[in-house]
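Single-structure report; data block below.
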Amino acid sequence: MAEKDLMTMSRKEARTLHIIHQALDKKITQGEAAAIHCLSDRQRRRLMSRTRTEGNEGICRRSRGKTSNHCIPRMIKEKALRLFKERYADFNIFHATEKLAEVHRITMNDETLRLWLNEAKIPYKKRRAKKHRQWREPKPHFGELAQIDRSYLTGLRAGDRFACLWDTSMTRPTPCMAVFMTMRAPFQLWTV
């Protein structure tokens with residue numbers, strides 16, 4: 001029995017292949033084929049020439065099945081996992097990646113280490129869940145919470161003394177009271 005060559009492609013690539021074949025068979029124009037898939041003129045020409053020369057495989061991405069250029073080598077991955085098991089098992093992910101970089105010069109993202117640990121089914125210390133705090137309606141009574149702010153104004157004087165502006169804002173219904181006073185006695189009072 002003859003072996004069959006199998007080719008895997010995504011749905012998007014299968015649709016693109018169908019449209020490119022229609023353009024090659026002159027059922028639709030090349031401009032219409034490019035417009036259907038929002039391709040530029042250069043991309044359309046490249047796909048059509050690759051389909052002519054390579055057949056249906058010309059549509060597929062060339063990097064499929066290859067490792068990434070930014071991939072961390074397998075030996076470094078194994079070393080990092082071994083060090084984590086032996087020395088840093090009680091550390092959280094962030095601290096472990098810092099120690100791996102600082103002590104062993106193995107630099108990686110903390111998310112990469114977390115994915116490796118999950119893949120190898122190695123348990124690690126996780127963050128504690130934050131305590132649930134339920135929101136409560138503010139008290140409706142006037143004056144339960146008073147916030148006081150004071151600022152010394154250098155340009156204003158009351159006689160021979162510097163003046164100070166005291167601003168108080170209360171909780172509901174949130175009126176604001178401001179007192180303009182010297183060190184001894186207020187001389188002006190207003191409410192906003």
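General remarks:
- Check on residue 51, closer than 30 Å to residue 10 by Cα and under 29 Å from the mean Cα position of the chain (by Cα): no
- Residue within segment 41-57 that is surrounded by 15 or more Cβ atoms within 10 Å (Cβ to Cβ), in contact with a Phe, Trp or Tyr (Cβ under 8 Å, 6 or more places away or on another chain) and among the aliphatic types (A, V, I, L, M) present: no
- When residue 105 is tested against (1) modelled with pLDDT of 85 or more; (2) surrounded by 10 or more Cβ atoms within 10 Å (Cβ to Cβ), only condition (2) is not met.
- Being in contact with a helix residue (DSSP H, G or I) (Cβ under 8 Å, 6 or more places away or on another chain) and assigned by TED's automatic domain parsing to the domain that holds residue 16 is a description that does not apply to residue 106.
- Qualifying residue in segment 51-63 (condition: of a type in the set (Lys, Arg), over 30 Å from residue 113 (Cα atoms) and assigned to a helix (DSSP H, G or I)): yes
- Filter result for residue 20 (surrounded by 15 or more Cβ atoms within 10 Å (Cβ to Cβ), β-branched (Val, Ile, Thr) and either touching a strand residue (DSSP E or B) at 6+ places or on another chain (Cβ under 8 Å) or assigned to a helix (DSSP H, G or I) (or both)): yes
Conditions (1) over 30 Å from residue 123 (Cβ atoms); (2) in contact (Cβ under 8 Å) with a residue 24 or more places away in the chain; (3) in contact with a strand residue (DSSP E or B) (Cβ under 6 Å, 6 or more places away or on another chain), marked per residue:
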| residue | (1), (2), (3) |
| --- | --- |
| 25 | yes, no, no |
| 65 | yes, no, no |
| 74 | no, no, no |
| 91 | no, yes, no |
| 105 | no, no, no |
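- Among the residues examined, residue 100 qualifies as touching a residue at least 12 places away in the same chain (Cβ under 8 Å), under 17 Å from residue 76 (Cα atoms) and in a helix (DSSP H, G or I).
The values are calculated or read from the model by the stated rules, or taken from the named source; none is laboratory data. None of the values given here were measured: they were computed from a predicted structure. Note that we place each Cβ from the backbone using ideal geometry, even for glycine, and neighbour counts take in every protein chain shown.
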